[in-house]
Amino acid sequence: MTADCLSETFQALADPTRRAILARLASGEASVSDLAAPFDMSLPAISRHLKVLERAGLIERGRQAQWRPCRLNGEGLKPVFDWVAEYSRFWEQSFDRLEAYLEEIQSKDASDEQH
Amino acid sequence: MDSMETTELETPRTALLLTRDLAAPRALVFKAWTQPEHIVRWWGCAETGDVKFTNDLRVGGEFSAVMKLSNGQTHRIFGVYCKIEAPERLVFTWSWDNGEGFKGGETLVTVTLEETATGTKLTLRHESFASEDDCQAHGEGWGASLERLGDFVATL
């Protein structure tokens, strides 16, 4: 399974405000004040959330001094989506075995009843 | 054996959703999910060998599955039960470590069992992170707020 690098990503995602910010950025880049508008939160508080997202590699910020637009970083999101493939394999194979096991114990019960 | 199966990835793919129709009564499927002597018979994938499973089946109780992998590593999957509603629902957190210091972030699993004409429909939802809040009120807000992210990643 994947290494520790996912922890920072997940920690960044484990907050409803930050998830809402990412959802907003999915429809295009935005300034800090654009992003702050839907929240009852100060600009410094929003900036702190943006720093967490930036550190986790989930967003990038423009370099213009006054208007530093934020945008999603697809590369940063990729590990989150790769995670799914790994667990999918684990569970599918477990379900195959569960299916066979249930069949086995039921046919055993049935033959026990006949004797 | 005549069983149907479907597998799908939800968008956004931050939650994994799997379903399987099982030809067995729901009470038996629930037992297979909750009693260690049954669990060890099916739990794991091709790389996992014998499983040692301990289970404290109560809300707040822990489970632990220790597996020797084919590459020689010992891998442990562990978590805490958040909800136990026999025989239809189990919610538990899911973490892992490989015995060498690598640890995975905590994720959340919801297992739902529904009775069907032919047996039991198993639905498993595995979400890409968990927190104490999720354990108390899991599922709120996470899927909805990220709906568009899946579309975004699909465009890359």
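The values are calculated or read from the model by the stated rules, or taken from the named source; none is laboratory data. It should be emphasised that the depicted structure is a prediction, and the values quoted were computed from it without experimental measurement. Glycine also receives a Cβ, built like all others from the backbone with ideal geometry; neighbour counts cover every protein chain displayed. These accessible areas exclude ligands, DNA and RNA; they are computed on the full protein's heavy atoms, side chains included. Shrake-Rupley method; radii C 1.70, N 1.55, O 1.52, S 1.80 Å.
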### Message
Regarding the stretch A:68-85, can at least one residue be identified that is part of a helix (DSSP H, G or I) and under 30 Å from B:ALA24 (Cα atoms)?
### Response
yes
#### Entry: Residues (at pLDDT 90 or above and surrounded by fewer than 15 Cβ atoms within 10 Å (Cβ to Cβ)) located in the stretch B:90-119
B:GLU114, B:GLU115, B:THR116, B:ALA117, B:THR118
### Task
Assess whether A:GLU75 counts as being at the interface with chain B (Cβ under 9 Å from one of its Cβ atoms), surrounded by 12 or more Cβ atoms within 10 Å (Cβ to Cβ) and of a type outside the set (A, V, I, L, M, F, W, C).
no
### Query
Of (1) open to solvent by 50 Å² or more (accessible area, probe 1.4 Å); (2) at pLDDT below 85, A:PHE10 satisfies all except one. Which?
(1)
### Task
Run B:ASN71 past the list (1) in a loop (DSSP other than H, G, I, E, B); (2) open to solvent by less than 60 Å² (accessible area, probe 1.4 Å); (3) in contact (Cβ under 8 Å) with a residue 24 or more places away in the chain and report the number of the one that doesn't hold.
(2)
### Query
Do the conditions hold for B:ASP21, that is, is it more than 10 Å from every other protein chain (Cβ to nearest Cβ), over 15 Å from the mean Cα position of the chain (by Cα) and either assigned to a strand (DSSP E or B) or modelled with pLDDT under 90 (or both)?
no
